[in-house]
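Taking it in order: structure first as structure tokens, then the write-up.
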């Protein structure tokens, strides 16, 4: 059973550019969450997708957007990149329980984004 | 809102010694708590979880954690450290308002030979 996969592994972009990161969830999972992990810090929640809609959002500007496809895979898009966007971007997949909670989250290996 | 605090950003132990990584939580509702491990240049791996069943939770790689409501703690322990345990460890709490995980700042565990 393949776990959560992410692509690309590493990415280098210039300030002002746009980037798209991709995530495929674990088999049987229907919910995808994205987290940003700056160097030396814990992951910070960006947003969550379920049934192809953004359901929850953390404290991130609308330069950060996403999408979920019918096969549950997801993309994270960041526009107008800033130096401060340099981080490890983690995708987590989960399955909503009968109360629509997604507390047991499984993480992918991450995409390391460097903005120069 | 739920939050967690990890005491000690760096912990160093000798191989074979007890590992104790501290996590305290703040929550107005019964919390769901997690420990994750992150090896260099990798994602997060779930070590163990507490979801209001047994207060002593056993995880992978010989780790366990005990939920103590009176102390609002969920400390991670392992009786005997191995060199391969060297990694970053994150405590997290499920935030039911946001349907998301809120993480602590992490503790880097170093194991000396």
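Within region A:100-116, the residues that satisfy the criterion of being in a strand (DSSP E or B) and over 11 Å from the mean Cα position of the chain (by Cα) are A:106, A:112, A:113, A:114, A:115. Quick check, is residue A:25 out of contact with any strand residue (DSSP E or B) (no Cβ under 9 Å at 6 or more places or on another chain) and modelled with pLDDT of 95 or more? Answer is no for this residue. Please determine, by comparing only the residues of region A:1-22 that are assigned to a strand (DSSP E or B) and more than 11 Å from chain B (Cβ to nearest Cβ), which one is surrounded by the most Cβ atoms within 10 Å (Cβ to Cβ). Filtering region A:1-22 for residues that are assigned to a strand (DSSP E or B) and more than 11 Å from chain B (Cβ to nearest Cβ), the one surrounded by the most Cβ atoms within 10 Å (Cβ to Cβ) comes out as A:21. Restricting attention to region A:79-99 and to residues that are in contact (Cβ under 8 Å) with a residue 12 or more places away in the chain and assigned to a loop (DSSP other than H, G, I, E, B), the residue that is farthest from the other protein chains (Cβ to nearest Cβ) turns out to be A:80. Scanning region A:58-78 for residues that are within 13 Å of chain B (Cβ to nearest Cβ) and either out of contact with any strand residue (DSSP E or B) (no Cβ under 6 Å at 6 or more places or on another chain) or modelled with pLDDT of 95 or more (or both) returns A:59, A:60. Within region B:91-107, can one find any residue that is at pLDDT below 95, away from chain A (no Cβ under 14 Å) and out of contact with any strand residue (DSSP E or B) (no Cβ under 8 Å at 6 or more places or on another chain)? No; the residues of region B:91-107 include none that is at pLDDT below 95, away from chain A (no Cβ under 14 Å) and out of contact with any strand residue (DSSP E or B) (no Cβ under 8 Å at 6 or more places or on another chain). Note on region A:37-53: among residues that are more than 9 Å from every other protein chain (Cβ to nearest Cβ) and over 17 Å from residue B:94 (Cα atoms), the one that is surrounded by the most Cβ atoms within 10 Å (Cβ to Cβ) is A:38.
Within the set B:14, B:9, B:27, the sole residue that is closer than 14 Å to residue B:69 by Cβ and in contact with a strand residue (DSSP E or B) (Cβ under 9 Å, 6 or more places away or on another chain) turns out to be B:27. Collect the residues in region A:100-116 that are surrounded by fewer than 17 Cβ atoms within 10 Å (Cβ to Cβ) and facing chain B (nearest Cβ under 7 Å), keeping them in residue-number order. Within region A:100-116, A:101 is the sole residue that qualifies. Among the residues making up region B:30-85, those that are within 13 Å of chain A (Cβ to nearest Cβ), outside any strand (DSSP E or B) and in contact (Cβ under 8 Å) with a residue 60 or more places away in the chain are B:31, B:32. Among the residues of region B:64-90, those identified as buried (at least 16 other Cβ atoms within 10 Å of the Cβ), out of contact with any helix residue (DSSP H, G or I) (no Cβ under 6 Å at 6 or more places or on another chain) and under 16 Å from residue B:11 (Cα atoms) are B:75, B:76, B:81, B:85, B:86, B:87, B:88, B:89, B:90. Go through the residues of region A:55-62 one by one and say whether even a single one is buried (at least 16 other Cβ atoms within 10 Å of the Cβ) and touching a residue at least 40 places away in the same chain (Cβ under 8 Å). For region A:55-62, residues buried (at least 16 other Cβ atoms within 10 Å of the Cβ) and touching a residue at least 40 places away in the same chain (Cβ under 8 Å): absent. For region B:4-21, the condition holds for no residue, the condition being that it is in contact (Cβ under 8 Å) with a residue 12 or more places away in the chain, within 15 Å of residue B:92 (Cβ to Cβ) and in a loop (DSSP other than H, G, I, E, B).
The values are calculated or read from the model by the stated rules, or taken from the named source; none is laboratory data. None of these values were measured; they are calculated from a predicted model. Glycine also receives a Cβ, built like all others from the backbone with ideal geometry; neighbour counts cover every protein chain displayed.
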